[in-house]
Structure formats: structure tokens, C-alpha cells
Amino acid sequence: MRARVLFFGMLKDLVGRPAEEIDLPEGADLASVFERYAARFPRLRELAPSIVAARNQEFATLATRLADGDEVAFLPPVSGGSDPDPMEIESAGHYFALTRCPIDTRAVTARLLNGADGAVVTFEGVVRNNTKGRPTLYLDYECYEAMALKMLAQIGCEIAGAYAVTRVALVHRLGRMLIGETSVAVIVTAPHRKAAFDAALEGINRLKKVVPIWKKERFVDGEVWVEGEWDRNAPVVG
């Protein structure tokens, strides 16, 4: 049987490719796929405690059995020339999107608001000009798009059900971003402000822990993938 294996962020650099098709014996599991690459690239084994695996765009343990045509992905910790139109999901008035264009928070807010709302809370994460005093030129963001969009929608809908809010939007930009540009926006509308503030904070905190999006920071004297941290419930491979 055959499977497609994807690598992202620093793992893509480590193995020297973003994806490849491989042949596997019947009954193979994710552990055997990981071991196949760890034997060729020992650094993967060292990073195993912070790598998460996915099968067909869902988090999965290494014991997960594979079938012909499966898509496997190995994901490093999230860090906190394509079609410019956003990938988006709208569900019960909530809005979730990935885009390579500037995020228009006013337009997103307009599509969320209704007459019963008395509060709008907008959080924007913007690119700063340094990391611990080291001057930053710009950031490059990439992600596992299909899985990331699915996770944005899952997080947003769960938050909408847990707080007394009307609607939730989570939007993340991809590609190159300059200093001062918005990379991510969380927008919540609600009848009252406390629930909106609490839901927005929950939204950005969860997004930073589980959505497979990575950033590379570019400096005058080099570049580095920003290492983040997975949510404690994510099924790391090591």
C-alpha cells in the first residue's frame, strides 16, 4: 500500500523535502513510518518528545494503523504564490479562515454582529520588530492548511458553546508578514463584555497550542523556526 507523508516547519528543513509518497506493508502503523525516517535522520528521534503525528488531518498516536492512500503528517511544535482567496468555513454564523491577504478585522466584525450584541472584543497578534532584542526583519508563516482550518473551526465552535457569546471568528494569515502587520485575529461578539473578553482569551490561547501553524523568523544575520509548545493532550510521538 502507499501513503503520502508530509513534513512541516523545522522538520521539512531537517528531512530536505515537504512531502513524499512511500510504499508500506499491509498492517503498517504510524510508528513504523516514524522509525523509517528516524533511522535516516537521527535528529528526528531526539525531537520525538515534541513531534505530533496526524493521519488524514486528525491527531493520531503511533499505534494507529494505516490504510492505502492515507495522508500522514509529522508536526513540530506550533509557534504560536498561492491563491489569494481565503480558505474559510462558516458555521452557525461563526467564521474561520486562513488567508494570504491582510486581515480586515472590520469586515469580519461586520459579518458577525447582530442587533442583540452589546460587546465586540477583537484580539490582533502583530509582528514585532525584535525577539529578545535581536532585530527582526519579517516573519514567514506556513501551515498544514486542511488540518489547521478544521482545528480553527473546532476551537471556535467549542468556545461558542462554552461561553455566553453570540459569534466567534478565528482568522490566521499565511506567507510573509512585515513588522506591524496582523498575523492572527480573534473576534468575539456577545451581549455582555466579560464573556466576550474571556472567550477571546481562550481562543488565542488554544489556537497557539493546537493549530498546526509555524513561523520562521528572519533576522539580518540569519533565520530560525520559532519553537513553541503543544497542548499537553496532543499525542507526541516520543
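Table for the structure above
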item: Answer from 18, 86, 49, 42 - the residue that is modelled with pLDDT under 95, of a type outside the set (Phe, Trp, Tyr) and in contact with a Ser or Thr (Cβ under 7 Å, 6 or more places away or on another chain); result: 86
item: Meets criteria (in contact with a strand residue (DSSP E or B) (Cβ under 9 Å, 6 or more places away or on another chain) and among the acidic types (Asp, Glu)) for residue 217; result: yes
item: Every pair of residues 6+ apart whose Cβ atoms lie under 9 Å, when the first sits in the range 191-204 and is under 19 Å from residue 96 (Cα atoms) while the second is charged (D, E, K, R) and part of a loop (DSSP other than H, G, I, E, B); result: 196/117
item: Qualifying positions in the range 116-130 - modelled with pLDDT of 95 or more, surrounded by fewer than 13 Cβ atoms within 10 Å (Cβ to Cβ) and closer than 13 Å to residue 190 by Cβ; result: 118
item: Residue check for residue 106: basic (Lys, Arg) and modelled with pLDDT of 95 or more; result: yes
item: So residue 216, is it part of a helix (DSSP H, G or I), at negative phi, buried (at least 16 other Cβ atoms within 10 Å of the Cβ) and at pLDDT below 95; result: no
item: Filter result for residue 66 (among the hydrophobic types (A, V, I, L, M, F, W, C) and under 25 Å from residue 208 (Cα atoms)); result: no
item: Residue identified as in contact with a Leu (Cβ under 8 Å, 6 or more places away or on another chain), in the same structural domain as residue 24 (by TED's automatic domain parsing) and of a type outside the set (Val, Ile, Thr) among 71, 142; result: 71
item: Selection from the range 16-55 of residues that are closer than 28 Å to residue 233 by Cβ and β-branched (Val, Ile, Thr); result: 33, 51, 52
item: Single match in 207, 137, 174 (criterion: of a type outside the set (Gly, Ala, Ser) and more than 30 Å from residue 45 (Cβ to Cβ)); result: 137
item: Hey, residue 98 assigned by TED's automatic domain parsing to the domain that holds residue 189 and at pLDDT 95 or above or not; result: yes
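Conditions (1) of a type in the set (A, V, I, L, M, F, W, C); (2) closer than 21 Å to residue 90 by Cβ, marked per residue:
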residue	(1), (2)
140	no, no
147	yes, yes
160	yes, yes
201	yes, no
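The values are calculated or read from the model by the stated rules, or taken from the named source; none is laboratory data. This one's a predicted model, so the numbers in the text were calculated from it and none came from an experiment. Glycine also receives a Cβ, built like all others from the backbone with ideal geometry; neighbour counts cover every protein chain displayed.
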